[in-house]
Amino acid sequence: GSFNPAHSGHRAVALYALKRLGLDWVWWLVSPQNPLKDAGDYRDYDERLKITRLVARHPRFIVTDLEEQLGTRTTAATLAALAPVLRRGRFVWIMGADSFANLHHWNDWTDIPETIPLAILARPGFAMRALESPAALRYESRRIATEQARDLPGSPPPAWCFIPMPLRSESSTAIRERAKKRKQIVMTAS
């Protein structure tokens with residue numbers, strides 16, 4: 001994820017996925033730059049990594065700069081580079097419903113569900129958009145029922161599961177907007 005910045009909503013999603021999917025670990029892959037987002041809106045990478053490590057403090061969470069180390073800039077490229085690792089375990093890709101709703105805009109988007117099962121966690125205002133998205137329609141026959149979410153890690157791709165959860169209002173976009181407004185107020189007062 002971009003984690004621009006990481007916040008308690010990200011942590012809540014990770015905790016919920018950990019429990020609901022019966023995972024051993026959750027890896028937080030901090031992306032250097034989402035190619036679909038404006039680089040000008042990004043905080044410094046090292047700062048985002050540091051904040052993510054603070055937010056993700058948990059004995060079963062690992063915050064990693066794998067994409068930076070691999071030199072990949074898209075999820076499909078990252079998954080391709082991680083193929084030898086993915087073959088050695090049972091992995092799922094955790095994403096918010098907002099991302100799944102727009103997955104068809106991602107580079108090589110079909111490579112993602114074809115490589116790894118997807119856990120789609122509910123986000124405010126995105127459930128229907130996610131469930132009616134091009135990705136959901138394309139892989140409709142590979143959807144796993146929410147009640148069987150624990151089967152997702154062992155399912156051969158493509159496989160996906162929509163997981164409702166208590167909705168959180170936090171958003172990185174809203175946090176950045178509040179920071180911009182505070183900065184403008186301080187500059188105006190000066």
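The values are calculated or read from the model by the stated rules, or taken from the named source; none is laboratory data. Just so it is clear, the model here is predicted, and its values are computed rather than measured. With ideal geometry, Cβ positions are generated from the backbone for all residues, glycine too; neighbour counts draw on all protein chains shown. Side chains included, ligands, DNA and RNA excluded: accessible areas come from the protein's heavy atoms. Shrake-Rupley method; radii C 1.70, N 1.55, O 1.52, S 1.80 Å.
Here are a few things to note about the model shown:
- Using the Cβ of residue 72 as centre and a radius below 15 Å, the other residues enclosed give a net charge of -4, where K and R count +1 and D and E count -1.
- Dividing the alpha-carbon radius of gyration of the range 23-83 by the rule-of-thumb value 2.2 N^0.38 Å gives 1.16.
- Rounded accessible area per residue of the chain, 1.4 Å, Å²: 56
- Net charge contributed by nearby residues that have their C-beta within less than 15 Å of residue 59 (K/R +1, D/E -1): +4
- Length-normalised contact order of the chain in % [C-alpha pairs under 8 Å, at least 6 apart]: 23
- C-alpha long axis of helix 45-55 to longest principal axis of the chain, angle in °: 70
- Full-extension gain in nm, residue 151 to residue 36, via 0.36 nm per residue minus C-alpha separation: 38.3 nm
- C-alpha long axis of helix 172-189 to longest principal axis of the chain, angle in °: 0
- Only Lys, Arg, Asp and Glu carry charge here, each on its Cβ (+1 for the first two, -1 for the last two); on that basis the range 19-132 has a dipole of about 600 debye about its Cα centre.
- Cα centroid separation, the range 63-131 to the range 135-150: 15 Å.
- For the pair residue 128 and residue 83, a Förster radius of 45 Å applied to the C-beta separation gives a FRET efficiency near 0.85, rounded to the nearest 0.05.
- Expected 222 nm ellipticity per residue - DSSP helices of 4 or more, -39500 (n - 2.57), all of the chain, to 500: -11000 deg cm²/dmol
- Degrees separating the helix 8-21 axis from the principal Cα axis of the chain, which is the longest one: 10
- Where labels lie 7 Å past Cα in the beta-carbon direction, separation of residue 111 and residue 45 in nm: 1.9
- Kirkwood hydrodynamic radius (C-alpha pairs) into Stokes-Einstein, the chain, 4 °C and 1.567 mPa s, D in µm²/s: 75
- Shown for the range 67-141: the carbon plus sulfur share of the solvent-accessible area, taken with all protein chains present and a 1.4 angstrom probe, equals 47%.
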